[in-house]
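The numbers here are math on the coordinates, done by the rules we state, and not lab data. These figures come from a predicted structure and were not determined experimentally. Using ideal geometry, Cβ is built from the backbone for each residue, glycine included, and neighbour counts are taken over all protein chains shown.
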């Protein structure tokens, strides 16, 4: 095969999935390459494989529709470039003819000359132009043949996917371009309403949907479906259900009511009933792509939660076929691979999700966590340390032996280690979000200056569960969780639940002492729409409450000259230079019903840490000089 001469334009791409947008790929032509397939590879395509949207445009000079399509690409080029859409234009015309034509009709991109190989790969035969739209992972989203009406359908498809990419400004620009040439184009009018919806301009969206819904034509269903989603967004599910029912009565092929019912049932935890409703959607024939993709995605989420990973994978694969632009679907599938012990596949999907939506915080956090996990796998020294620790812990667990406190000193602080034992989810929560929450809270708690609060390493807990042949679901058993908490020498176990409603998240956590089974801290967040706000506020609240329950406490073990003392605390207890502790003198005992219930305490001075060694620290007496004695208690000041 002779070497092809090619030139290429590289443009950055972004993607995000909007599950509520109407798909206008009905004009796509069936071909050997099916929707959802990975596009056939060629050199220039490999160069843009990390892009989230790629347009491949096949044309020839003697085709008027081909040249007309250029006018659109040329007119919209700056908008496409700004949004990061990569454009590959391919022709079998000879380079000399192409150069002559484009010297007179310049375009802002280069043309790839092909000897017919790429045309054959993409089943481009007689009709031109042919346009392919590719999503993340170079999956085929649409194929369009010819100009005229097909060209408008291609343009509206690009605009629709731009909404998936969270690029409503680009979508509006493309829809406006279509309407300029075709003012009665209902797909473009509906797309403009969808753009308003995407931007949160519900009043404007509802106004546009209402106009379309009032049409005396089959296209009215587009406006009615738009009104359904605005009612849902406004928190009026009854109105949404009523209108969806009327849509189905008039259009029996519509499955929208089943999708809404499935979402409501899933939110209430009725998983099997929800799956039955979603199956009615996926088995339907008259659905929009977004409806089918959402039903498959939500079904996959339920099956994954049930541990039916094969079914979950099947659902996610189908969801990607109908929406290859969704970072949520890609991360859901990545988390599924992670659960099945396939980190490389998980990492690849997280990277695709980031290409789809560079602002997807969950995808970025999961990718970062997976990078750390893969680095851990290559760190043989750390692996050996963890394997040895896990092996010892597993033996103790099997013998029903735990790390019990034997010291008689009940005053001095112990190292403050906490362990996350899982967060359950309720409502419309995507895969991986609880892992992200745990990771960010962990990082925040351990990032404090004193380093007092330590969190059990994820690798240790995961390997221990694998060694004991326990799954994450086993942590829901209180007895098993308490045994593991004691085994890991955790002072606190963190469990809880995450609830999602109206796009807001609410987190409820309990911090339990595994030695006594006592709940030491209960925390309930406010409803937060921002994941960052949720984790930041939760981390701060937990840090404050843990420290209040477990203040730093120690004992003066030696009184030195020049007002210096030594206390039995070091960095493991949160000690650092400059920390101030109060000296406590115990006085008269308090007796109730013949039993000593404590002793009166008096603050008689203050010390400041000046040096930290292994197992102890040096301090200088600042106030109450001369009052420090061996055996006296010290404690940090109470925090608000």
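Figures for the structure shown
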quantity	calculated
Region 104-158: Cα Rg divided by the 2.2 N^0.38 Å rule of thumb	1.26
Calculated on alpha-carbon atoms, Rg and Dmax of region 188-246 in Å	10.5, 29
Debye log10 I(q)/I(0) at q = 0.14, 0.16, 0.19 Å⁻¹ for region 63-162, Cα point scatterers	-0.55, -0.74, -1.08
Distance (nanometres) between label positions extended 7 Å along Cα→Cβ at residue 375 and residue 310	3.8
Burial ordering of 208, 435, 225, fewest other beta-carbon atoms within 10 Å first	435, 208, 225
Extension reserve of the residue 120-residue 536 stretch, reckoned as 0.36 nm per residue once the Cα distance is removed	144.4 nm
Mean projected area (nm²) of the alpha-carbon convex hull when region 212-333 is viewed from all directions	7.6
Extent along principal axes [Cα atoms of region 248-302; Å; largest to smallest]	30, 19, 14
Using alpha-carbon coordinates, inclination of helix 202-213 to the longest axis of the chain, degrees	30
Förster-model FRET efficiency, 25 Å R0, residue 457 and residue 480, C-beta, rounded to 0.05	0.80
Residue order, fewest to most surrounding Cβ atoms within 10 angstrom, among 53, 370, 380	380, 370, 53
Rg ratio (alpha-carbon, reference 2.2 N^0.38 Å) - the chain	1.23
Cα coordinate range in region 302-440, projected on the principal axes (Å, largest first)	64, 36, 30
At q = 0.13, 0.15 Å⁻¹, base-10 log of I(q)/I(0) for region 399-549 (Debye sum, equal scatterers on each alpha carbon)	-0.60, -0.80
Interatomic Cα distance distribution for region 518-640, bins of 5 angstrom, percent	2, 10, 17, 16, 14, 13, 10, 8, 5, 3, 1, 0
Inter-label distance for residue 204 and residue 450, nm, one decimal - labels placed 7 Å from Cα along Cα-to-Cβ	5.2
222 nm mean residue ellipticity, helices alone, for the chain (DSSP H n ≥ 4; -39,500 (n - 2.57); rounded to 500)	-14500 deg cm²/dmol
FRET efficiency, residue 50 to residue 251 (Cβ-Cβ, R0 41 Å, nearest 0.05)	0.55
Ranked 562, 387, criterion: other C-beta atoms within 10 Å, fewest first	562, 387
